[in-house]
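Working notes for the structure below.
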There are 2 protein chains.
Amino acid sequence: MTADTNPPTARRGRRPGANATRQAILTAARARFASDGFTATTIRRVAADAGVDASLVMQFFRSKNELFAAVMSVPADALTRFSAAFEGEDDGLGERVVRAFFDVWERDVQSSEPLMAMLRGAIANDGANEQLREFLQERLFVDALASRVPDEDVTLRVGIVSSMLVGLVVGRGVVGVPTLSGAEREQLIALVGPAVQSVLIPGGSR
Amino acid sequence: MTADTNPPTARRGRRPGANATRQAILTAARARFASDGFTATTIRRVAADAGVDASLVMQFFRSKNELFAAVMSVPADALTRFSAAFEGEDDGLGERVVRAFFDVWERDVQSSEPLMAMLRGAIANDGANEQLREFLQERLFVDALASRVPDEDVTLRVGIVSSMLVGLVVGRGVVGVPTLSGAEREQLIALVGPAVQSVLIPGGSR
């Protein structure tokens, strides 16, 4: 689709397909990393899945590590939705955060696939580990909370809540604990919201 | 060391070394599964590490899968300490559970190594996944809580708390989120105890 794959006689100029090709490679890589893991996944295989030449994958991403990093990146939209949940009244803060968390991790495939890939990758690969580490004490959430809680433990509070909620999502979606997988989202939000509230807000108003 | 490996002329009767041999194999297997992963680990290699013949490993554990299951099993002592935490006054229940959790997962090598092996294994291997799944809604904890909370959500409450606490332990010990790794245990217990309490006890007395 890009100038590089066109025959030399093709009309040159803008490459309208470049972004679509990049997306196709990312989609193929995400699925392949998720099913086969980092080690077993090859550039050649991803290229074949995406229907492009391996040299094109290298041209876009330079190495398997960089391709992996691109697949793992947390979508900006997901971060925005989390930080929005941290804003607003103290009242119901815990519930809003838990709800945003489930929305982003479970409902929306656009955001949940990269997040899940990051999570699975974090076990196998240090690069993903670094990204998960950053996500779990994400600056955006810390800043949003710091504006409300004048407390030096704000980063710790955010880290605790993020890692506990990731644990819950993993128990429900990856490990498949029957009672968690079978629970309604609203029931989980009702049970977990006050817990999150109590960690985020010192004194723990509802 | 067992009767089967003794020469026929050896004195028969009690087999004082059998348990020690079994433990040596388990110790070697735990280290090997943790460093090389399930797929790359062989019975032969574990036997060599333990200084015994491969046939002896087969005799004790029958297959690599069963050896893996034995390595992953949650120590009975750890389960006992968790269920003890679920007993007693409502007051401080959340804090007791969090404290027991940290003790067993972080302080005591005897229990933390198999638990961590189970956790890492759950990503790579379905057998370990099954054990983690069971652990996260462990019958013992559910029964202990059910005796106090007359509520049909007891299994769900236990599942939520266990998976959230595993998330915290992973964020702290495996992923290495700086703010979590750097926090004092007591500070974490103070922040997380009330959250766990609010999930375990409807209405959430402290």
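What are the residues in the stretch A:140-173 that are facing chain B (nearest Cβ under 8 Å) and open to solvent by 30 Å² or more (accessible area, probe 1.4 Å), if any? Those that are facing chain B (nearest Cβ under 8 Å) and open to solvent by 30 Å² or more (accessible area, probe 1.4 Å): A:Asp153, A:Thr155, A:Val170, A:Arg172.
Could you grab me the full set of residues in the stretch A:27-54 that are touching a residue at least 40 places away in the same chain (Cβ under 8 Å) and more than 22 Å from A:Leu115 (Cβ to Cβ)? Working first, answer last.
Taking the stretch A:27-54 first, the residues touching a residue at least 40 places away in the same chain (Cβ under 8 Å) are A:29-30, A:33-34, A:37-39, A:52-53.
Passing the criteria: A:Val52, A:Asp53.
Every listed requirement among (1) among the β-branched types (Val, Ile, Thr); (2) assigned to a helix (DSSP H, G or I); (3) within 23 Å of B:Phe102 (Cβ to Cβ) is met by A:Val175 save one, (2). Against the numbered list (1) touching a residue at least 24 places away in the same chain (Cβ under 8 Å); (2) under 21 Å from A:Asp77 (Cα atoms); (3) more than 8 Å from every other protein chain (Cβ to nearest Cβ), A:Gln137 comes up short only at (3).
Mind telling me which of the residues B:Asp77, B:Asp91 ends up being in a loop (DSSP other than H, G, I, E, B), of a type outside the set (A, V, I, L, M) and on the phi < 0 side of the Ramachandran plot?
Only one candidate qualifies: B:Asp91.
Considered as a group, the residues in the stretch A:174-196 that are aliphatic (A, V, I, L, M) and more than 9 Å from chain B (Cβ to nearest Cβ) include one that is surrounded by the most Cβ atoms within 10 Å (Cβ to Cβ), and that residue is A:Ile189. Of the numbered criteria (1) modelled with pLDDT of 80 or more; (2) part of a helix (DSSP H, G or I); (3) farther than 16 Å from A:Val161 by Cα, the one A:Ala128 fails is (1).
The values are calculated or read from the model by the stated rules, or taken from the named source; none is laboratory data. These numbers come from a predicted model, not from an experiment. All Cβ positions, glycine included, derive from the backbone under ideal geometry; neighbour counts span all protein chains shown. Surface accessibility is based on the protein's heavy atoms, side chains included, excluding ligands, DNA and RNA. Shrake-Rupley method; radii C 1.70, N 1.55, O 1.52, S 1.80 Å.
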